[in-house]
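Worksheet: one structure, shown below.
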Amino acid sequence: MKAYGKLMLVIFAVFMLAGCGKEKPDLSIFMIDDKSDPTQVAEPLEKALQERLGQEIKVEVIASPLYNPEKLMVEYAAGGHDIMILPEEDMKNYGKMGGHVVLDDHFDPKTYPEGVFASMEEKDDKTIDKTEHLYGIPVKDMKMFKDLKYTPDKLFVTIPVSSKHMDNAVKALKEMTE
């Protein structure tokens, strides 16, 4: 039993040390889809985006091989990603609760009407904002995903309000669309 305890301690120490010294990304992207496996495009997307953004912005793309709404909720709650790529229904549900950044100042909402909807977020004066804004851009309309031959129909790219690198996220979205 003592040997088992020591073995577990060594394994725990290895896992703890494995996380030390890892360089934090300047742009973290999380992908999940309920109709396809985004892991097939995660590495090519990371490489293409890294080339377009240059070495001053360290890009990391994480993709979930299986769709799980609880996993998506945890990823939102943890707040560690600057861009979320997710199914339309989830994008709109989180967006209506105030979970996404308005993209109107950076992209023309008329170009991406599928990503325009009203957030039902409560304002300080207890009123509900029903103004429609652009919150997500369809993957199928983005040049970078077309080049990678990954264009699921109901998958959207959005920036969560918890993004720590908002400027980098906007730059990345612009690179993905051009």
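The values are calculated or read from the model by the stated rules, or taken from the named source; none is laboratory data. Since we're looking at a predicted model, the values are computed, not measured. Backbone-built Cβ (ideal geometry, glycine too); neighbour counts: all protein chains shown. Side chains included, ligands, DNA and RNA excluded: accessible areas come from the protein's heavy atoms. Shrake-Rupley method; radii C 1.70, N 1.55, O 1.52, S 1.80 Å.
Summary of computed values
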| read-out | value |
| --- | --- |
| Net charge, Pro152 excluded, C-beta distance under 14 Å - Lys, Arg +1, Asp, Glu -1 | -4 |
| Helical mean residue ellipticity (222 nm; -39500 (n - 2.57) per DSSP H run of 4+; nearest 500) of the chain | -12000 deg cm²/dmol |
| Within-12-Å neighbourhood charge of Lys171 [Cβ basis; K, R +1; D, E -1] | -4 |
| Pairs from Lys71/Lys143; Lys47/Lys174; Lys47/Lys143 whose Cα-Cα separation, in the structure shown, is over 26 Å | Lys71/Lys143 |
| Per-residue SASA entry for Ile57, accessible area with 1.4 Å probe, Å² rounded to 10 | 10 Å² |
| Length added when fully stretched, Phe117-Lys96, from 0.36 nm per residue minus Cα-Cα | 6.8 nm |
| ³J(HN,Hα), Karplus 6.51/-1.76/1.60, whole Hz, each residue of segment 154-165, x for Gly, Pro | 10, 10, 10, 10, 8, 10, x, 5, 7, 4, 8, 10 |
| Carbon + sulfur, % of accessible area of the chain - ligands and nucleic acids excluded, 1.4 Å | 56 percent |
| Whole-Hz couplings from phi, Karplus 6.51/-1.76/1.60, listed for segment 86-96; x for Gly and Pro | 8, x, 3, 4, 5, 4, 6, 5, 5, x, 5 |
| For Glu75, net neighbour charge (Lys/Arg +1, Asp/Glu -1) across residues whose Cβ lies under 15 Å away | -4 |
| Listed candidates (1) 0.97; (2) 1.05; (3) 1.01 - label of the one calculated as Rg/Rh (Cα atoms, Kirkwood Rh) | (2) |
| Note, ³J(HN,Hα) from phi for segment 140-145, Karplus 6.51, -1.76, 1.60, rounded to Hz, x at Gly and Pro | 4, 9, 9, 4, 4, 6 |
| Degrees between helix 166-177 axis and first principal axis of the chain (Cα, 0 to 90, nearest 10) | 70 degrees |
| With Cα atoms, 0 to 90° folded angle of helix 39-53 axis to the chain main axis | 70 degrees |
